[in-house]
Amino acid sequence: MTSRVTSDLDPFSPEFRADPYPRYAELRALGPIVWLDRYGIWVVSHYEQVRAVLTDWEIFSNAGGGGLANYFTTPPWRPPSIILEADPPLHTRTRAVLMRVVSAMAVRGMRHGFQQVADSLIDRALVRGTLDAIPDLVQPFPLTVFPDAVGLAKDVRENLLTYGAMVFGAFGPSTPWHEELMLQAPAVGDWILAHCARDALTPVGLGASIHAAADTGEITAEEATLLVRSLLSAGVDTTIDSIGLALRCLIDHPDQWRLLRDDPSLARAAFEEATRYDSSSQSLFRTTLRAVEFAGSDIGKHEKVLVLVGSAGRDPARWDDPDRFDIRRKLTGQIGYGAGIHGCVAQMMARLEGEVFFQSLATKVKTLDSAGPSALRLNPGLRGLTQLPIAMN
Ligand code: HEM
């Protein structure tokens, strides 16, 4: 016999998002799948069910939209992503192109350039000593290396942050903040698409490689432009926010910072642990293609399922002492980059950005301390900081 456990918790409320981890534990205690009355959606919060949903694309589809809005019943605010918001066979074709473009070999070639930018940003921060790490150290890193790797023109890159806020803001319920931001959507949307066109990009770079796939007929020219846009949507705020949160983890856990400082080769592991412990990507969505019985509940056709990867990363059934931030943890089964056919296509690149940043920090910086309270940006699609005052020398 199936059952329906319901809850009035609101995962999009500022209170929930300010400190989601105790609330995730409340949700996990309710059962493997819970109905959220407020939004009329399902939520899974255990590692086992999160992985099960993400790896079953034939039932749990991405074509219903990456956020709370249900594209099967409501028209999308922008042409949907042809990779993140697509199912096979379209997804198989577009993903193959991106997989090649951000292959391990392509990513290896980026290390040196990333290193130079990280070193110079950290040198400059050391001269200042006290600074707000988010605008002055963290943001400029992905905002420089990533659009450079894509081959984007150097003008007004801040538009990328406005665009990212629109994309990730649209994942949750409508708020006055997002509605006001969306007044700029036509202009910013046009700006992005114009900058993703072939002739707007440098002749060598990830963007050019995507457009080259149109020459062989693998994708159309229009699809190439949309795929460049996907990289720009998914590749800027995610890394900024993950690096910012990882930096805060190290400040909040001075013993872990000292371990890293004494052995900078732990940088990759530190970023990996932060991606489990407190990451930018907390929640994903799927929409059912047909009615299904799942973990003891009946889910109807075209119903939304909120998939809490941030909670899966803290599930005690999967991790020893999950609320401990431990950069020497032997971490296998990472869920912070998703799983299954939509698992982050550029996770090697994201890891490289994190590794290079924290290796440079650990090599150059002796002391790292908080210089004031940090603040969260409450964008429903992505967790990140707006300020993180630090003192370093
Ligand atoms: C630390 C940084 C990052 C995190 C935490 C992250 C996380 C994720 C997650 C959780 C997904 C799965 C979404 C889903 O299943 O619905 C995903 C997909 C994706 N990510 Fe990332 N990501 C990061 C960085 C990047 C970067 C740098 C890029 C671009 C270069 C990128 C491009 C993508 C794309 C295109 C997809 C869609 C893949 C597909 O649908 O097949 N991500 N990412």
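The values are calculated or read from the model by the stated rules, or taken from the named source; none is laboratory data. If you're wondering where the values come from, they're calculated on a predicted model, not measured in any experiment. Glycine also receives a Cβ, built like all others from the backbone with ideal geometry; neighbour counts cover every protein chain displayed. The area values use the complete protein model at the heavy-atom level, side chains included, leaving out ligands, DNA and RNA. Shrake-Rupley method; radii C 1.70, N 1.55, O 1.52, S 1.80 Å.
Results, tabulated for the structure shown:
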{"read-out": "q = 0.13 Å⁻¹, the range 321-383: log10 I(q)/I(0) [Debye, one scatterer per Cα]", "value": "-0.61"}
{"read-out": "Euclidean distance between Cα centres, the range 48-103 to the range 239-255, Å", "value": "29"}
{"read-out": "Over the chain, relative contact order from alpha-carbon pairs under 8 Å, at least 6 apart, %", "value": "27"}
{"read-out": "For the chain, alpha-carbon Rg relative to the globular expectation (2.2 N^0.38 Å, N residues)", "value": "0.96"}
{"read-out": "Ranked order, HIS112, HIS302 - accessible area, probe 1.4 Å, largest first", "value": "HIS112, HIS302"}
{"read-out": "With eigenvalues of the C-alpha gyration tensor scaled by 5 and rooted, the range 131-227, Å", "value": "26, 19, 11"}
{"read-out": "Set of lysines near LYS154 by C-alpha distance (under 22 Å), chain-local residues within fewer than 8 positions excluded", "value": "none"}
{"read-out": "Protein accessible area in the chain, 1.4 Å probe - carbon and sulfur %", "value": "56"}
{"read-out": "Alpha carbon convex hull of the range 55-178, projected area averaged over orientations, nm²", "value": "10.8"}
{"read-out": "Whole-number accessible area per residue in Å² for the range 6-392, which is evaluated in the context of all protein chains at 1.4 Å", "value": "40"}
{"read-out": "Within the chain: Cβ-based charge dipole about Cα centre, in debye rounded to nearest 20 (Lys, Arg +1; Asp, Glu -1)", "value": "580"}
{"read-out": "Three principal axis lengths of the range 222-372 [C-alpha, angstrom, descending]", "value": "56, 43, 30"}
{"read-out": "Sequence-distant aspartates and glutamates (8 or more away, or on other chains) whose Cα lies within less than 14 Å of LYS301", "value": "GLU58, GLU293"}
